[in-house]
């Protein structure tokens, strides 16, 4: 397929690279053009505007937040202006439910198709083509995009024909991951202050009751205090908790733990953690307990 890709951060560059490896014709756009050069060396075309990346069958956006997505979608050089009728915008960004609804309406009005397809997985999974894709959109659009999802992930979950359902699933998943990070940090602060080796503790947990990848990955990061470089930056964690709470408020679903997590991210950022991985909230409990981080 002829596909565009907008947003070449650590996640986007890995996905675009796997689309190229699968034989798709890929045109890429990134605000910082230098990030497109490695993909150009692999055979990608480099566009000079978002609209110029939208000349094929579909275009992906993988961007940091609502404002970034709206910035590339609207305007005379945006996705809406550049995408042909019946072509597909695949939004893989973690965005608000409200924005996803607006995008679906705007594309429908323009005679275009829209799929929300956020992913679960960190940058190493993106590079390896091992992401999990959560897709929602019209059945025909999802079927058309299936070869693209196969190139970027190990499994695709189609959850609805209403795109914003996929965004809600993604936000709720990130809420659960952050909950695990916080609870791991608290438990490890408890045993660590008593003198138990944190690495052994993680091994015990993940060898018995908690064998899921999320416990192994984040338990190891917390035990090592390995919060740099950020695979998923702490400000994005705060953004996701805010979006989760906004969706919950709209549905009138109380999420008291999400409110706590929002405050934990605020604490981390207030202490200068902007460049740290979001797993750094797992180190706050040890700090609160007076542990020496060294």
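Each reported figure results from applying straightforward, stated rules to the coordinates on display, with no laboratory input. Values in this document were obtained by computation on a predicted structure and should not be read as measured data. For neighbour counting, all protein chains shown are included, and Cβ atoms are generated from backbone atoms with ideal geometry for every residue, glycine included.
Computed over the Cα atoms, what is the radius of gyration of the chain divided by 2.2 N^0.38 Å, N being its residue count? It would help to have the intermediate numbers written out before the result.
Values: Rg = 19.9 Å, N = 294, 2.2 N^0.38 = 19.1 Å.
Ratio of Rg to 2.2 N^0.38 Å for the chain: 1.04.
What FRET efficiency do you get for residue 186 and residue 21 if R0 is 41 Å and r is their Cβ-Cβ distance, rounded to the nearest 0.05?
Values: r = 41 Å, r/R0 = 1.01.
Efficiency, from the Cβ-Cβ distance: 0.50.
Rank 181, 257, 15 by mean-square fluctuation in a GNM of the chain with C-alpha springs under 10 angstrom and give only the top-ranked residue.
Sorting by GNM fluctuation, first place goes to 257.
Tell me the angle of helix 198-207 to the major Cα principal axis of the chain, expressed in degrees between 0 and 90 and rounded to the nearest ten.
Roughly 60 degrees, rounded to the nearest 10.
How many nm is it between the label spots at residue 67 and residue 204, if each spot is 7 Å from the Cα in line with the beta carbon?
Label at residue 67, label at residue 204, 4.5 nm between them.
Grab the Cα-Cα distance for residue 193 and residue 41, subtract it from 0.36 nm times how many residues apart they are, and report the gain in nm with one decimal.
Working: separation 152, 0.36 × 152 = 54.72 nm, distance 5.05 nm.
Going from the current span to full extension adds 49.7 nm.
Pull up the DSSP beta bridges for the chain and report the antiparallel fraction as a percent, rounded to 5.
On the way: 4 of 29 bridges.
Among the beta bridges of the chain, antiparallel pairing accounts for roughly 15 percent.
What value in Å³ per residue do you get for the convex hull of the alpha-carbon atoms in region 58-106? Kindly include the intermediate steps, with their values, before the conclusion.
On the way: hull volume 3.3 nm³, N = 49.
Convex hull volume per residue, Cα atoms: 68 Å³.
Provide the gained length on full extension for the span residue 257 to residue 81, in nm with one decimal, where the gain is 0.36 nm per separating residue minus the Cα-Cα distance. Working shown, then result.
Details: separation 176, 0.36 × 176 = 63.36 nm, distance 4.10 nm.
Value of the extension gain: 59.3 nm.
Once you place label points 7 Å from the Cα toward the Cβ at residue 2 and residue 108, how far apart are they in nm?
2.8
State whether region 168-288 is rounded, prolate or oblate according to the following rule on the C-alpha gyration tensor (a ≥ b ≥ c being the square roots of its eigenvalues): a/c under 1.5 gives rounded; otherwise a/b larger than b/c gives prolate, and the remaining case gives oblate. Walk me through the intermediate numbers first.
Details: a/c = 1.92, a/b = 1.50, b/c = 1.28.
It comes out prolate by the Cα gyration axes.
Where both residues lie in region 2-161, what percent of DSSP beta bridges are antiparallel, nearest 5? Provide the component values of the computation, followed by the final result.
Values: 3 of 28 bridges.
The antiparallel fraction comes to roughly 10 percent.
Each label point is 7 Å from the Cα along the Cα-to-Cβ direction; what then is the distance between the points at residue 159 and residue 226, in nm?
Result: 2.9 nm between the two label points.
With the Cα gyration tensor of region 77-221 giving a ≥ b ≥ c as the square roots of its eigenvalues, does the rule (a/c under 1.5 for rounded; else a/b larger than b/c for prolate; else oblate) give rounded, prolate or oblate? Kindly include the intermediate steps, with their values, before the conclusion.
Values: a/c = 3.36, a/b = 2.56, b/c = 1.31.
Note, shape of region 77-221 comes out prolate.
When a/c is below 1.5 the answer is rounded, else prolate if a/b is larger than b/c, else oblate, so apply that to region 2-161 with a ≥ b ≥ c taken from the square roots of the Cα gyration tensor eigenvalues. All intermediate terms of the calculation are to be shown ahead of the outcome.
Details: a/c = 1.42, a/b = 1.10, b/c = 1.29.
Cα axes put region 2-161 in the rounded bin.
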